[in-house]
Structures are given as C-alpha cells and as structure tokens.
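Participant: Here it is, the structure in full.
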Amino acid sequence: MNAADQAHLLLKQGKAKEAEAAFGAVLESNPDHVEALNVLGLAALREGDIDKALMLLKHAAEVDGAQALTQLHLGRAHAAAFEFESAEAAYAAALACEPKLHLARLQLGELHEKRGDTARAVMTYARALNDAQTEGRWLNATTTPAALHTAVDHAQRFVRERRVAGFAELMEPFIRKYGVSALRRVEQAVRIHLHLEQAVSTDPRQTPTFLFFPGIPATPYLDKGLIPEIEELEARTSQIRAELLALLPSASGRERVFHSGELEEANLRGLDAPPSWNGYYFFRHGERREENCAACPHTAAALDDLPLARVPGHGPEVLFSVFSPGTHLLPHCGVTNTRVVGHLPLMIPENCALRVGGEDHPWREGEVVVFDDTYEHEAWNRSDRTRVVMIFDLWNPFLSSAERDVLSALVVAMGEFRAGVEGL
C-alpha cells in the first residue's frame with residue numbers, strides 16, 4: 001500500500017488529523033495529487049484559513065477540473081470568501097460533471113439565499129430535494145446523512161414557507177372577490193399540492209400525477225347529463241364528422257400527439273404495423289389552432305359552447321384523435337381531477353374501446369363519454385381501419401365557477417414553478 005492509499009484509508013477510518021498529516025506528506029512528493037489537495041483544502045476551510053483553502057482547491061481544479069467533488073469544494077471556499085459569482089460557477093461546473101451530485105445543488109440554493117435571490121433559492125432547493133428524494137434520499141432522518149440534517153431541513157422549510165406565502169398572495173384577490181368559504185376546497189388542494197396535507201380519495205384507483213382536488217365525487221366515468229352542453233354537441237355529430245372527413249385525406253394541420261419517438265415507443269404499441277397516434281388540434285396546451293378551427297367552422301362553434309377547461313399555457317387539449325389500425329395507447333394517468341375528458345366518437349370500427357379504472361367502454365358513434373383521466377386508462381384500435389374520436393378537456397362539473405376561476409391562475413403558477421425547477 002502506497003502513501004496515498006494509506007492516507008485514504010485513514011480518512012475512511014475517520015482519523016481526520018492523521019489523514020491530513022499523511023496527505024500533507026503525499027503533497028510534498030506529488031504537488032498535483034488531487035485528493036490530497038481536496039483533503040487539505042477542506043481542512044484549511046474548517047480552520048478558517050480561506051486563502052489557503054482557495055489556493056489548494058484552485059490548484060486541484062487546474063489539475064483536474066472535471067472532478068465534480070473538486071468543483072463542489074471550490075464552490076464552498078469561494079462562498080466562504082463571499083466570492084459569490086465564482087462560487088456559483090464552481091457549483092455549476094460540479095453539476096455539469098455529475099448531475100446527481102445533489103449536495104452541489106443544495107449548496108447552490110444556500111448561495112442564492114445568501115445573495116437575497118429568493119426565487120432562485122426556492123427553485124434550486126426544490127430541485128435538489130426532488131432529485132434526491134426521487135432516489136429515496138433526504139426523505140427523513142434515516143435517509144439523510146447526519147451531517148446534512150440541518151441543511152436539508154432548512155431547505156425543506158424554506159421552500160415550504162415561501163411557496164405557502166406565494167400561493168396566499170396569489171389567492172388574496174380571489175378571496176376578496178368570492179369570500180373565504182367559497183374557496184376552502186381550493187386552499188385544501190394547495191396544501192395537498194405542497195405535501196402539507198395528504199390527499200384522500202374515496203376511490204384508491206384515482207391517482208392524479210400533479211394536482212388532487214378534494215371533495216369531488218370519484219368515479220371513472222361521469223354521467224354526461226351533468227354537463228348539459230353535451231346534448232347539443234351530440235346533435236351536431238353529423239356536421240362535425242363531415243368536417244373531419246374533409247380533413248382526413250390531407251396531412252395539413254395534423255400533429256403527432258407525442259413529440260418524440262422515445263415517448264411514442266414508451267406509450268404506444270401496434271399489432272401488425274407500427275402504431276400511430278396523431279391529431280388535428282383545435283386547442284393544444286390552451287392555444288387555439290386557428291387554421292383547423294377555420295377549416296371546421298361547425299366544430300369550432302360547437303366547442304365554443306362547451307365548458308372547456310381553459311388554463312393559459314396548459315389547457316384545454318381538443319383534437320380529432322386519430323388511431324391508425326392496430327394502435328394501442330398503454331395505461332397511464334392524467335394530471336388532475338379538476339378536469340374531465342370527453343370523447344365524441346366519429347369513426348369507430350369494430351374492436352375499439354376505452355378502458356378507465358379497469359372498466360371497459362366501447363365507443364358508439366355520436367354518443368359522448370366523459371371520464372376522469374386521473375384513473376389509469378388506456379385505449380385501443382384492434383381493427384384494420386382508422387379510428388377517430390374528438391377529445392376535449394372540460395372542467396369537472398362538481399367545481400363551482402369561483403373554484404374554476406382561481407384554479408386557472410393557480411395551475412399556471414404551479415406549472416411555471418415546476419417548469420422552472422425542471423429547467424435548472
């Protein structure tokens with residue numbers, strides 16, 4: 001065993017002082033030894049000798065700048081010296097080398113907090129916590145190293161308190177408009193979203209991936225009579241189908257539902273040919289597709305009369321949904337029970353069906369079905385012909401108009417925060 005290995009063994013055994021002395025000897029014979037530079041740099045940092053720590057850790061980064069731990073330690077030294085821009089650059093370099101080095105992101109969050117950049121601190125802390133907890137770490141005292149208990153607890157508290165305050169500020173004008181009692185379920189939904197309260201559904205099959213709204217009856221299929229506008233939509237089926245048939249021969253205005261081949265591969269299966277799911281969108285992520293609406297004026301007029309779940313940048317999704325022969329959309333769950341999904345069947349061959357919560361529903365042309373897509377659901381076309389239904393997102397009929405109003409703003413804020421965190 002050489003001197004460096006002996007020093008490393010002492011460090012693993014928790015004999016810090018002996019290890020530091022041994023690494024000091026290693027550094028005398030090899031001034032570019034990266035582990036020795038890191039160990040001694042951290043020792044200097046603990047002793048308050050920031051200049052020495054920076055000298056050693058900068059040299060380690062010059063020798064091997066691609067080592068994530070070196071960049072992490074250098075970031076700590078820069079932060080201790082109040083060199084915040086250099087600290088941020090070092091933490092960013094550490095994450096570029098090793099994206100799963102969650103401690104680097106945690107310390108980057110601390111840095112943003114010290115600089116008074118609350119918004120970036122909240123998102124950076126949240127990303128560090130989310131990533132670590134996805135791996136089963138930092139969930140509780142058992143899954144968090146003792147040395148990180150204080151930092152992780154602080155990050156969790158910081159994110160929770162700032163997000164609670166942010167939602168309270170957002171809801172304040174709505175509370176003035178509608179009153180506290182009208183929005184109690186919304187406030188509870190926010191608490192559930194922030195993991196301050198557990199979601200309790202009357203049906204364990206219901207599993208929204210983003211936002212659970214309490215106090216709404218849970219059922220995989222809804223009575224379409226709860227939405228009076230659907231009767232008029234069904235009466236327009238022949239006009240809507242005629243506009244669909246005029247579109248089908250052309251690929252103009254048609255879009256893939258999944259944006260990438262990877263998503264298609266993960267979510268679609270075929271029988272005798274590769275699967276295909278595409279659509280003629282009238283709304284996508286809440287944005288109106290003017291060209292398709294102009295090409296289908298009767299359809300567009302019918303949609304204008306529906307209580308579509310309008311959330312800027314998010315919904316509704318409305319499309320002529322086209323399954324090629326043999327296509328099977330695999331089981332999946334939707335994001336929130338604040339909306340429900342309607343299908344108006346337009347071209348339905350044999351052996352086509354929808355399954356929601358384990359309950360099968362064979363489509364029948366002209367007869368709308370409404371379901372809660374937070375139940376696991378799937379759909380298939382096991383025929384040799386094209387299947388088309390018109391899909392449209394509606395507000396859950398058990399929401400009040402006040403709840404719909406505030407939810408439009410809340411979901412935008414929740415989505416922006418999630419996008420900001422994921423985009424870090």
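The values are calculated or read from the model by the stated rules, or taken from the named source; none is laboratory data. The model shown is predicted, which means the values in this text are computed figures rather than measured ones. Quick reminder, even Gly has a Cβ in these numbers, built from the backbone with ideal geometry, and neighbours come from all protein chains shown. Heads up: the accessible areas ignore ligands, DNA and RNA and are worked out on the full protein's heavy atoms, side chains in. Shrake-Rupley method; radii C 1.70, N 1.55, O 1.52, S 1.80 Å.
Participant: What figure in square angstrom, to the nearest 10, would you give for the accessible area of Asp223 with a 1.4 Å probe?
Facilitator: Solvent-accessible area, nearest 10 Å²: 100 Å².
Participant: Note the angle between two axes, namely the Cα long axis of helix 401-422 and the longest principal axis of the Cα atoms of the chain, as a number of degrees from 0 to 90, rounded to the nearest 10.
Facilitator: Taking Cα atoms only, the helix is inclined about 40 degrees.
Participant: Name the shape class, rounded, prolate or oblate, that the alpha-carbon gyration tensor gives for region 1-71, where a ≥ b ≥ c are the square roots of its eigenvalues, rounded holds for a/c under 1.5, and otherwise prolate holds if a/b is larger than b/c and oblate otherwise.
Facilitator: Oblate, since a/c reaches 1.5 and b/c is not below a/b.
Participant: Can I ask one more? At 1.4 Å probe size, with the rest of the protein present, what percent of the exposed accessible area of the chain is carbon and sulfur atoms?
Facilitator: About 52 percent, which is the carbon plus sulfur part of the accessible surface.
Participant: When each pair of different Cα atoms in region 170-236 is counted once in the 1/r mean, what is the Kirkwood radius in angstroms, to one decimal?
Facilitator: Final number for the Kirkwood radius of region 170-236 is 14.5 Å.
Participant: Right, here's the next one. What's the percent breakdown of Cα-Cα distances in region 304-358 across 10 Å bins, shortest bin first?
Facilitator: Percent of Cα pairs in each bin: 15, 48, 32, 5.
Participant: To the nearest 10 degrees, how steeply does helix 50-63 sit against the main Cα axis of the chain, on a 0 to 90 scale?
Facilitator: Here the helix axis deviates by roughly 70 degrees.
Participant: Hey, with R₀ at 60 Å, roughly what FRET efficiency would His285 and Val63 work out to, going by the Cβ-Cβ distance, to 0.05? Let's see the in-between values first.
Facilitator: On the way: r = 48 Å, r/R0 = 0.80.
That gives a FRET efficiency of 0.80.
Participant: Related question: Provide the solvent-accessible area of Lys100, counting protein heavy atoms only and rolling a 1.4 Å probe, rounded to the nearest 10 Å².
Facilitator: We get 130 Å² for Lys100.
Participant: Here's something else I'd like to know. Test of understanding: what is the full-extension gain from Glu359 to Glu172, defined as 0.36 nm times their sequence separation minus their Cα-Cα distance?
Facilitator: Fully extending the segment from Glu359 to Glu172 adds 63.2 nm.
Participant: Normalised by the residues of region 103-196, what does the relative contact order come to in percent, with Cα pairs under 8 Å and at least six apart?
Facilitator: Once normalised by length, the contact order is 22 percent.
Participant: May I pose another question? Apply the a/c threshold of 1.5 to the C-alpha gyration tensor of region 371-424 and tell me whether it is rounded, prolate or oblate. Provide the component values of the computation, followed by the final result.
Facilitator: On the way: a/c = 3.14, a/b = 1.58, b/c = 1.99.
In terms of gyration-tensor shape, oblate.
Participant: Now, a different point. Put a dot 7 Å past each Cα toward the Cβ at Gln6 and Glu85; how far apart are the dots in nm?
Facilitator: Calculated label separation equals 4.6 nm.
Participant: Something else: Averaged per residue, what accessible surface does region 223-265 expose to a 1.4 Å probe, in Å²?
Facilitator: 61
Participant: Let me ask another. Give me the Kirkwood hydrodynamic radius of region 10-123 in Å, from all C-alpha pairs, to one decimal place?
Facilitator: The answer is 14.3 Å.
Participant: Give me the lysines in straight-line cross-link reach of Lys12: C-alpha distance below 25 Å, same-chain residues under 8 apart excluded.
Facilitator: Qualifying lysines at Cα under 25 Å: Lys52, Lys58, Lys100.
Participant: Send over a whole-number figure in Å² for the accessible area per residue of region 32-140, probe 1.4 Å.
Facilitator: Details: 4900 Å² over 109 residues.
Each residue of region 32-140 exposes 45 Å² on average to a 1.4 Å probe.
Participant: Could you compute the FRET efficiency for Glu255 and Ala96, with r as their C-beta to C-beta distance and R0 at 22 Å, rounded to 0.05?
Facilitator: 0.05
Participant: Per DSSP H run of at least 4 residues, take -39500 (n - 2.57); add these up for the chain, divide by its residues and hand me the 222 nm value, nearest 500 deg cm²/dmol.
Facilitator: Result for the chain: -15500 deg cm²/dmol, rounded to the nearest 500.
Participant: Of the listed values (i) 21.2; (ii) 19.2; (iii) 26.3, grab the one calculated as mean projected area of the Cα convex hull in nm² from the structure here.
Facilitator: (iii)
Participant: A further question on this structure: Using alpha-carbon positions, what is the distance between the centroids of region 142-168 and region 279-341, in Å?
Facilitator: 38
Participant: Separate question: Please list, by residue number, every one of the trypsin sites (Lys or Arg not before Pro) in region 287-349 that is coil in DSSP and has at most 16 other beta-carbon atoms within 10 Å.
Facilitator: Details: sites: Arg288, Arg289, Arg310, Arg339; in loops: Arg289, Arg310.
For trypsin sites (Lys or Arg not before Pro) across region 287-349 that sit outside H, G, I, E and B with at most 16 neighbouring Cβ atoms in 10 Å, the list reads Arg310.
Participant: Quick check: the angle from helix 84-97's long axis to the longest principal axis of the chain, C-alpha only, nearest 10 degrees?
Facilitator: Tilt relative to the chain: about 70 degrees.
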